[in-house]
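Colleague: Here's a structure for you.
Throughout, read-outs are computed from the coordinates displayed, never taken from laboratory work. Bear in mind that the values here come from a model prediction, so they are computed numbers and not experimental data. All Cβ positions, glycine included, derive from the backbone under ideal geometry; neighbour counts span all protein chains shown.
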Amino acid sequence: MTTALQALPCEGTSRFHVAADHPCLAGHFPGRPVVPGVVIVDAVRACLDECWGDRMLLGLPQFKFLRPLLPDEPALIHWQARSAANDRLEVRVDVRVDEVVVARGTLVLGPAAA
């Protein structure tokens, strides 16, 4: 059997959008709502959970939001994972709308919590 760690480096994509009636948009910002950064990071984490649901998010050593993500905009998450020290995964992520980068960064996943 091949495990995810044995198959590294690897990459994948996933799509998501935040509906205009999502509760996170209330007050963020009235009249011109934008998707909060934490919701974008949560979507990225959910995407990675599909591959490594038993891994724990240890940190985001680098993550930048380069332009607002608007409600109902279809976004594409592209990730590339590689092994790092101490049984960790380093995952580089781009979030795009069409070909425009909305957010970019690195997440570090560690072993499952005991």
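Colleague: Here is a list of conditions, (1) among the aliphatic types (A, V, I, L, M); (2) within 17 Å of Val108 (Cβ to Cβ); (3) not in a loop (DSSP other than H, G, I, E, B), and Leu8 meets all of them except one; can you say which number that is?
Modeller: (3)
Colleague: Report whether or not Gly27 is of a type in the set (Gly, Ala, Ser), over 11 Å from the mean Cα position of the chain (by Cα) and either surrounded by 15 or more Cβ atoms within 10 Å (Cβ to Cβ) or not in a strand (DSSP E or B) (or both).
Modeller: Answer is yes for this residue.
Colleague: Here is a further query. Looking at Val41, Val108, Val93, Val101, which one is aliphatic (A, V, I, L, M), at negative phi, touching a Cys at 6+ places or on another chain (Cβ under 9 Å) and not in a loop (DSSP other than H, G, I, E, B)?
Modeller: Val93
For (1) out of contact with any strand residue (DSSP E or B) (no Cβ under 9 Å at 6 or more places or on another chain); (2) under 16 Å from Val101 (Cβ atoms), each residue gets a yes or a no:
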{"site": "Gly12", "(1), (2)": "no, no"}
{"site": "Ala19", "(1), (2)": "yes, no"}
{"site": "Leu25", "(1), (2)": "yes, no"}
{"site": "Pro30", "(1), (2)": "yes, no"}
{"site": "Pro33", "(1), (2)": "yes, no"}
{"site": "Val39", "(1), (2)": "yes, no"}
{"site": "Val44", "(1), (2)": "no, yes"}
{"site": "Leu48", "(1), (2)": "no, no"}
{"site": "Cys51", "(1), (2)": "no, no"}
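Colleague: Do you know which residues across region 58-88 are in contact with a Pro (Cβ under 9 Å, 6 or more places away or on another chain), small (Gly, Ala, Ser) and exposed (fewer than 15 other Cβ atoms within 10 Å of the Cβ)?
Modeller: Listed by number, the list holds a single entry, Ser83.
Colleague: Anything in region 89-114 that is without any contact (Cβ under 8 Å) to a residue 24 or more places away in the chain and surrounded by fewer than 16 Cβ atoms within 10 Å (Cβ to Cβ)? List them, or say none. Before the answer, list the steps.
Modeller: Step one: filter region 89-114 for residues without any contact (Cβ under 8 Å) to a residue 24 or more places away in the chain, giving 90, 92, 94, 96, 98-99, 114.
Correct list: Asp98, Glu99, Ala114.
Colleague: Of the numbered conditions (1) hydrophobic (A, V, I, L, M, F, W, C); (2) surrounded by 15 or more Cβ atoms within 10 Å (Cβ to Cβ); (3) not in a loop (DSSP other than H, G, I, E, B), Val34 fails exactly one; give the number of that condition.
Modeller: (3)
Colleague: Just checking, which of Glu90, Glu50 is within 21 Å of Ala112 (Cβ to Cβ) and in contact with a Lys or Arg (Cβ under 7 Å, 6 or more places away or on another chain)?
Modeller: Of the residues listed, the single one that is within 21 Å of Ala112 (Cβ to Cβ) and in contact with a Lys or Arg (Cβ under 7 Å, 6 or more places away or on another chain) is Glu90.
Colleague: OK, next. How about region 45-74: which of its residues are assigned to a loop (DSSP other than H, G, I, E, B) and among the small types (Gly, Ala, Ser)?
Modeller: Hit for region 45-74 is Gly53, nothing else.
Colleague: Only residues that are surrounded by fewer than 17 Cβ atoms within 10 Å (Cβ to Cβ) and of a type in the set (A, V, I, L, M, F, W, C): list them for region 11-24, please.
Modeller: Across region 11-24, the qualifying residues are Ala19, Ala20, Cys24.
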